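A.B. asks: Structure below; questions to follow.
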Amino acid sequence: MKSIIGFLAFWLLVSGCWSNKSAEQGRPAVQPSEQSQHKVYIDDVEVLQQKAGTHEVLIRVRGNLPNPAYRITDYRISIDKGQITIIPDVTYDKDAMVVQVLVPFEDTLTVKLQKPGEYKIYLEGRSKAVVKKLQLQE
C-alpha cells in the first residue's frame, strides 16, 4: 500500500514538472483600464506660474508609479465649471520583469484657461486625491 501511494506521489510530482505550462501562463495579464490613474500615487500638485496675457498656467505634478513597468504616456486635462481635472494616462508593460519598487515622477503641464477666475485643480491618485485652488488673474 505504501509503495502505491509513494508511486502516485512520485508520478504527480514528475508529471507536474514535465508540464509545458508555467504558472505565468495561467495568470491573466494586467491591463490598464480607463481608471488607470488609480495606479499612480499622487504626492503633490503645485501651480508654478501664470503666463501674463495668455491665460496659461504651469502646473507641476509629483508622485510615484507602482513599479518600473508603468509609464505615464500623457495627461487628459478637462476644464468644467471652475474645476480643472487632470487624469494621467498610464501604460503597463506586462512582459517586463521588474522589481516592485516605487518610481518617482515629476511632470510640468501647461493648462490654457478661457477666462480669469477661481479654479479648483483636482487630481485623483491611488492613495488620495489632491485638490489645489488657483486664482487666475487678468
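A.B. asks: Tell me, please, whether a residue that is aromatic (Phe, Trp, Tyr), within 16 Å of the chain's Cα centre (by Cα) and more than 25 Å from Lys51 (Cβ to Cβ) can be found in the range 98-120.
C.D. replies: Narrowing the range 98-120 to residues aromatic (Phe, Trp, Tyr): 105, 119.
Still in the running and within 16 Å of the chain's Cα centre (by Cα): 105.
Add one more test, that the residue is more than 25 Å from Lys51 (Cβ to Cβ), and what stays is none.
Scanning the range 98-120 turns up no residue that is aromatic (Phe, Trp, Tyr), within 16 Å of the chain's Cα centre (by Cα) and more than 25 Å from Lys51 (Cβ to Cβ).
A.B. asks: Do we have any residue at all in the range 53-65 that's of a type in the set (S, T, N, Q), assigned to a strand (DSSP E or B) and under 12 Å from the mean Cα position of the chain (by Cα)? Outline the logic, then answer.
C.D. replies: At the first step, the residues of the range 53-65 found to be of a type in the set (S, T, N, Q) are 54, 64.
Now drop any that are not assigned to a strand (DSSP E or B), which leaves 64.
After this cut, where a residue has to be under 12 Å from the mean Cα position of the chain (by Cα) as well, the list is 64.
Yes, there is a match, as at least one residue in the range 53-65 is of a type in the set (S, T, N, Q), assigned to a strand (DSSP E or B) and under 12 Å from the mean Cα position of the chain (by Cα).
A.B. asks: In the range 68-98, what residues are surrounded by 13 or more Cβ atoms within 10 Å (Cβ to Cβ), within 19 Å of Asp43 (Cα to Cα) and not β-branched (Val, Ile, Thr)?
C.D. replies: Pro68, Tyr70, Arg71, Tyr75, Pro88, Asp89
A.B. asks: Inside the range 46-86, can you point out the residues that are among the charged types (D, E, K, R), more than 12 Å from Thr110 (Cβ to Cβ) and touching a residue at least 40 places away in the same chain (Cβ under 8 Å)?
C.D. replies: We begin by selecting, within the range 46-86, every residue among the charged types (D, E, K, R); these are 46, 51, 56, 60, 62, 71, 74, 76, 80-81.
Pick out the ones that are also more than 12 Å from Thr110 (Cβ to Cβ) and you get 46, 62, 71, 74, 76, 80-81.
If the condition is that a residue be among the charged types (D, E, K, R), more than 12 Å from Thr110 (Cβ to Cβ) and touching a residue at least 40 places away in the same chain (Cβ under 8 Å), then Glu46, Arg62 are the ones that fit.
A.B. asks: In addition: In this structure, is Asp74 assigned to a strand (DSSP E or B) and of a type in the set (Asp, Glu)? Walk me through it before giving the result.
C.D. replies: On the way: assigned to a strand (DSSP E or B): yes; of a type in the set (Asp, Glu): yes.
Criteria met by Asp74.
A.B. asks: Taking Glu124, is it among the charged types (D, E, K, R), without any contact (Cβ under 8 Å) to a residue 40 or more places away in the chain and either in contact with a His (Cβ under 8 Å, 6 or more places away or on another chain) or closer than 18 Å to Lys51 by Cβ (or both)?
C.D. replies: Numbers: among the charged types (D, E, K, R): yes; without any contact (Cβ under 8 Å) to a residue 40 or more places away in the chain: no; either in contact with a His (Cβ under 8 Å, 6 or more places away or on another chain) or closer than 18 Å to Lys51 by Cβ (or both): yes.
No.
A.B. asks: Next question, about the same structure. Regarding Leu65, is this residue surrounded by 17 or more Cβ atoms within 10 Å (Cβ to Cβ) and either modelled with pLDDT of 90 or more or of a type in the set (Gly, Ala, Ser) (or both)? Explain how you work it out, then say what you get.
C.D. replies: Working: surrounded by 17 or more Cβ atoms within 10 Å (Cβ to Cβ): yes; either modelled with pLDDT of 90 or more or of a type in the set (Gly, Ala, Ser) (or both): yes.
Here the answer is yes, as Leu65 does meet what is asked.
A.B. asks: With (1) over 13 Å from Val111 (Cα atoms); (2) modelled with pLDDT under 90; (3) hydroxyl-bearing (Ser, Thr, Tyr) as the list, and Tyr41 as the residue in question, which single condition is left unmet?
C.D. replies: Going through the list (1) over 13 Å from Val111 (Cα atoms); (2) modelled with pLDDT under 90; (3) hydroxyl-bearing (Ser, Thr, Tyr), Tyr41 breaks only (2).
A.B. asks: Condition check: at pLDDT 90 or above, assigned to a strand (DSSP E or B) and not aromatic (Phe, Trp, Tyr). Does Val90 satisfy that? Please lay out each step first, then the result.
C.D. replies: Numbers: at pLDDT 90 or above: yes; assigned to a strand (DSSP E or B): yes; not aromatic (Phe, Trp, Tyr): yes.
The answer is yes for Val90.
A.B. asks: Would you call Val101 over 14 Å from Lys39 (Cβ atoms), loosely packed, with under 12 Cβ neighbours inside 10 Å and out of contact with any helix residue (DSSP H, G or I) (no Cβ under 6 Å at 6 or more places or on another chain)? Spell out the reasoning first.
C.D. replies: Details: over 14 Å from Lys39 (Cβ atoms): yes; loosely packed, with under 12 Cβ neighbours inside 10 Å: yes; out of contact with any helix residue (DSSP H, G or I) (no Cβ under 6 Å at 6 or more places or on another chain): yes.
Yes: the conditions hold for Val101.
The values are calculated or read from the model by the stated rules, or taken from the named source; none is laboratory data. A quick note: this is a predicted structure, and the numbers were derived from the prediction, not measured. So basically every Cβ, Gly included, is an ideal-geometry build from the backbone, and we count neighbours across all protein chains shown.
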